[in-house]
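Below: the structure, in structure tokens.
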Amino acid sequence: MSRTAAQLLAATLESHDVDIAYCVPGESYLAVTDALIDHPSIRLVVCRHEGGAGFMAVADARARGRPGVCFISRGPGATNASIAIHTAYHDAIPAVFFIGQVERFEKGRLALQEMNYSKTFSDTTKAVIEVDDGEHLSEAAARAFHIARSGTPGPVVVTLAEDMLDDTVEAPVLSPRPEVRMAPHAGDVARVAEMLGKAERPLVIAGGLVQGDSALANLTSFAESFDLPVAPSHRRAHVFDSYHPNYGGYLGNRTPGPLIDLMKESDLLLVVGERLGPSVSQSYTFPTAPTPQMPLVHVWPDAAEIGRVWQPTVGIAADPAHFLSAMLDARAPGSPEGRGKWIGRLNKVHRDLTTWEPESANDGVVLGGVVAAINERMDADAVVTSDAGNFSSWLHRYLYFRQSNIFLGYQVGGMGGGVPSGVAAGICTPGRQIITFVGDGGFMMTGNELATAVQYDVPIKVFIANNSSYGTIRMHQEGRYPGRVTSTDLKNPDFAKLGEAYGALGLKIENDGDVDTVVAEALSHAGPVVVDVRTSLNYLSAYRKLEDMPAYQ
Ligand SMILES: Cc1ncc(C[n+]2csc(CCOP(=O)(O)OP(=O)(O)O)c2C)c(N)n1
């Protein structure tokens, strides 16, 4: 059957079960947007900035555990999207970015918006596949999806030479490559079971690749039957129920002293579905790199990644879901006396740290109170998204998650992910409550995607932690150059009015008395809401105050 290469690509996306693609349109791939009109099962979501579109594809992938898809225009569109590609690479999120390219005859001539994608994205993708021959387009797309989700998941770029898309081609539509799953070696499973049976103070660190209902349920059963405390890793808060008695504390990027000191008493670390990196490892101190201070079992679906930085005692290249079910099949060995006490000690520190004791500031609202009010009204299957910044320490501290929740936030810490992730969640997991936390700095980076939320009827609730500052950087300034404040103060628009201008309900929390009523009003409103929370700059993080910094002593 002959058709255009663009039509072949559209059919290939359908054969790969793609139902949503996020885009900012461009003249370089008009043929594809046109071809997609004839594939109504694929929803093309039009966004306002490629950074937003890219973050939406990444959030969709994380929320649904399948590759996200993004279409962006050449050169400037691609550079705009690079923040999302970088995020997907660091956070091990499968995504396929289709990027327009100049016509074949003008390649290498510095044609309009030309860019060498293989060079540009060589460091932040798993592969760049340049397609100049339409006959190869279905194969290229099939390869891209396969690479994106295999081994360490990540982003793949597929470039589409503009004139190639109009070529008449005969190549067939390829179906998806079968998922190649990696199961753990039986001997390793037995060894780990034995180690877990002997350890007095083991700790499981569970990361974002523990995903899907059955893997999450298996993690809980594993913790219960093997008598283990579980600590979700940085920005993977929902992988273990915060209310569960085996909850061993949240291993965020700056885990507070009482918790991290206790975690360091562990005599066996089992890291499952978490690559480990600077944030989770507390800057390579837990576990210490390259030689961990305690035995380390590392489970990650890519042998090349295990042992790259840390020397594990046992490395298991397996899908975490397979590892967990293999462990459940192995008989739980029983645990030494005192294991319950160990779990109890960790759980007590977690509870003590995360119980909100109301505090008031004289320069605005303490965000912890808002988070505590949201916690009381949050649905068990709510999607919570967070941007990067110090404000997020409040929600990581005081928001309790269940495995039925979805948390979307990124370890790499690029600002701008919060709002688009919430918009994507509303589109790809409709019907859930969507709560987005973002700083005033981060909101002004991608808050324009509120227009996308309104266009697609996403009832996102955006809470802006507005301290009129790039607060995180202010904190670093005060630490390294006490009292020498520069370039961090912000003069903001009226966010409630801005929200109204987009078509959302705009609300404000200006003092402690507003918190309960405004949170209740925001969460019960049917449509999108923007809440301008005038937060205290003094309480710029859940663990540190400005007045405690050297210049104010
Ligand atoms: C895209 C991007 N640019 C710059 C930074 C550096 N950075 C990290 S946090 C931060 C400030 C965030 O400010 P805001 O969103 O207001 O949150 P706050 O720190 O006040 O809680 C900056 C500029 C970054 N992480 N990502």
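The values are calculated or read from the model by the stated rules, or taken from the named source; none is laboratory data. Since we're looking at a predicted model, the values are computed, not measured. Cβ sites come from the backbone with ideal geometry, for glycine too, and all protein chains shown count toward neighbours. All accessible areas refer to the heavy atoms of the entire protein, side chains included, with ligands and DNA or RNA removed. Shrake-Rupley method; radii C 1.70, N 1.55, O 1.52, S 1.80 Å.
Would you confirm whether any residue within the stretch 436-446 is buried (at least 24 other Cβ atoms within 10 Å of the Cβ) and more than 30 Å from residue 283 (Cβ to Cβ)?
no
So which of 63, 6 is at pLDDT 95 or above, closer than 19 Å to residue 420 by Cβ, of a type in the set (Gly, Ala, Ser) and open to solvent by less than 60 Å² (accessible area, probe 1.4 Å)?
Being at pLDDT 95 or above, closer than 19 Å to residue 420 by Cβ, of a type in the set (Gly, Ala, Ser) and open to solvent by less than 60 Å² (accessible area, probe 1.4 Å) holds for just one of 63, 6, which is 63.
Going by the structure shown, is residue 201 within 30 Å of residue 1 (Cα to Cα) and in contact with a Lys or Arg (Cβ under 9 Å, 6 or more places away or on another chain)? Step through it out loud before you land on a result.
Details: within 30 Å of residue 1 (Cα to Cα): no; in contact with a Lys or Arg (Cβ under 9 Å, 6 or more places away or on another chain): yes.
In short, no.
For (1) under 21 Å from residue 375 (Cβ atoms); (2) within 13 Å of the ligand (Cβ to nearest atom); (3) of a type in the set (Asp, Glu), each residue gets a yes or a no:
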{"position": "497", "(1), (2), (3)": "no, no, no"}
{"position": "504", "(1), (2), (3)": "no, no, no"}
{"position": "515", "(1), (2), (3)": "yes, no, no"}
{"position": "526", "(1), (2), (3)": "no, no, no"}
{"position": "532", "(1), (2), (3)": "yes, yes, yes"}
{"position": "536", "(1), (2), (3)": "yes, yes, no"}
{"position": "552", "(1), (2), (3)": "no, no, no"}
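Does any residue in the stretch 470-489 that is near the ligand (Cβ under 9 Å from one of its atoms) and open to solvent by 60 Å² or more (accessible area, probe 1.4 Å) come within less than 7 Å, Cβ to Cβ, of a residue that is at pLDDT 95 or above and not acidic (Asp, Glu) six or more places away or on a different chain, and which pairs are these?
That search, which allows pairs on different chains as well, returns 470/441; 470/488; 470/490; 473/488.
If only one of 225, 233, 214 is crowded, with 24+ Cβ neighbours inside 10 Å and closer than 26 Å to residue 181 by Cβ, which one is it?
Numbers: 225 fails: crowded, with 24+ Cβ neighbours inside 10 Å; 214 fails: crowded, with 24+ Cβ neighbours inside 10 Å.
When all the criteria are applied, what remains is 233.
Can you pull out every residue in the stretch 391-421 that is part of a loop (DSSP other than H, G, I, E, B) and within 25 Å of residue 546 (Cβ to Cβ)? Before you say what the answer is, go through the steps one by one.
Initially, the stretch 391-421 is screened for residues part of a loop (DSSP other than H, G, I, E, B), giving 391, 399-405, 409-417.
Once the filter is applied, which keeps residues that are part of a loop (DSSP other than H, G, I, E, B) and within 25 Å of residue 546 (Cβ to Cβ), the stretch 391-421 yields 391, 399, 409, 413, 414, 415, 416.
Provide a single number: the residues in the stretch 502-518 that are open to solvent by 20 Å² or more (accessible area, probe 1.4 Å) and either assigned to a helix (DSSP H, G or I) or in contact with a His (Cβ under 8 Å, 6 or more places away or on another chain) (or both).
The total comes to 7.
Can you tell me which residue within the stretch 450-469, out of those that are touching a strand residue (DSSP E or B) at 6+ places or on another chain (Cβ under 8 Å) and open to solvent by 20 Å² or more (accessible area, probe 1.4 Å), is nearest to the ligand (Cβ to nearest atom)?
Let us first name the residues in the stretch 450-469 that are touching a strand residue (DSSP E or B) at 6+ places or on another chain (Cβ under 8 Å), namely 450, 452, 455-456, 458-469.
So of that shortlist, the ones also open to solvent by 20 Å² or more (accessible area, probe 1.4 Å) come out as 455-456, 459, 467-468.
Working: 455: 24, 456: 24, 459: 23, 467: 5, 468: 8 Å.
Applying the filter and picking the extreme gives 467.
Looking only at the stretch 38-71, filter to residues that are of a type in the set (D, E, K, R) and part of a helix (DSSP H, G or I); which one of those is farthest from residue 427 (Cα to Cα)? Working first, answer last.
Narrowing the stretch 38-71 to residues of a type in the set (D, E, K, R): 38, 43, 48, 50, 60, 62, 64, 66.
Cutting the leftovers down to part of a helix (DSSP H, G or I) gives us 50, 60, 62, 64.
Numbers: 50: 17, 60: 9, 62: 13, 64: 11 Å.
So the residue we want is 50.
Is it true that residue 374 is of a type in the set (A, V, I, L, M) and over 27 Å from the mean Cα position of the chain (by Cα)? Reasoning before the result, please.
On the way: of a type in the set (A, V, I, L, M): yes; over 27 Å from the mean Cα position of the chain (by Cα): no.
Answer is no for this residue.
Pull up the stretch 117-153, narrow it to residues that are part of a helix (DSSP H, G or I) and more than 25 Å from residue 172 (Cα to Cα), then point me to the one that is least open to solvent (accessible area, probe 1.4 Å).
Looking at residues that are part of a helix (DSSP H, G or I) and more than 25 Å from residue 172 (Cα to Cα), I get 117.
Quick one: which of 276, 324 is open to solvent by less than 30 Å² (accessible area, probe 1.4 Å), assigned to a helix (DSSP H, G or I) and at pLDDT 95 or above?
So the residue among 276, 324 that is open to solvent by less than 30 Å² (accessible area, probe 1.4 Å), assigned to a helix (DSSP H, G or I) and at pLDDT 95 or above is 324.
In the stretch 148-170, what count of residues is obtained for those that are out of contact with any Gly (no Cβ under 8 Å at 6 or more places or on another chain) and of a type in the set (A, V, I, L, M)?
4
Taking the stretch 422-449 as the region of interest, how many residues are of a type outside the set (Lys, Arg), more than 16 Å from the ligand (Cβ to nearest atom) and either without any contact (Cβ under 8 Å) to a residue 60 or more places away in the chain or assigned to a helix (DSSP H, G or I) (or both)? Write out each step before concluding.
Here is the first cut: in the stretch 422-449, the residues of a type outside the set (Lys, Arg) are 422-431, 433-449.
From what is left, the residues that are more than 16 Å from the ligand (Cβ to nearest atom) are 423-431, 433-435.
Those left that are additionally either without any contact (Cβ under 8 Å) to a residue 60 or more places away in the chain or assigned to a helix (DSSP H, G or I) (or both): 423-428, 430-431, 434.
Final tally of qualifying residues: 9.
Tally time: how many residues in the stretch 420-431 are on the phi < 0 side of the Ramachandran plot and either at pLDDT below 95 or surrounded by fewer than 19 Cβ atoms within 10 Å (Cβ to Cβ) (or both)?
Of all residues in the stretch 420-431, those on the phi < 0 side of the Ramachandran plot come to 420-430.
Keeping just the survivors that are either at pLDDT below 95 or surrounded by fewer than 19 Cβ atoms within 10 Å (Cβ to Cβ) (or both) gives 429-430.
Counting residues in the stretch 420-431 that are on the phi < 0 side of the Ramachandran plot and either at pLDDT below 95 or surrounded by fewer than 19 Cβ atoms within 10 Å (Cβ to Cβ) (or both) gives 2.
Specify which of the listed residues (162, 114) is among the charged types (D, E, K, R), touching a Ser or Thr at 6+ places or on another chain (Cβ under 7 Å) and either open to solvent by 80 Å² or more (accessible area, probe 1.4 Å) or closer than 25 Å to residue 84 by Cβ (or both). Steps first, please.
On the way: 114 fails: touching a Ser or Thr at 6+ places or on another chain (Cβ under 7 Å).
It is 162.
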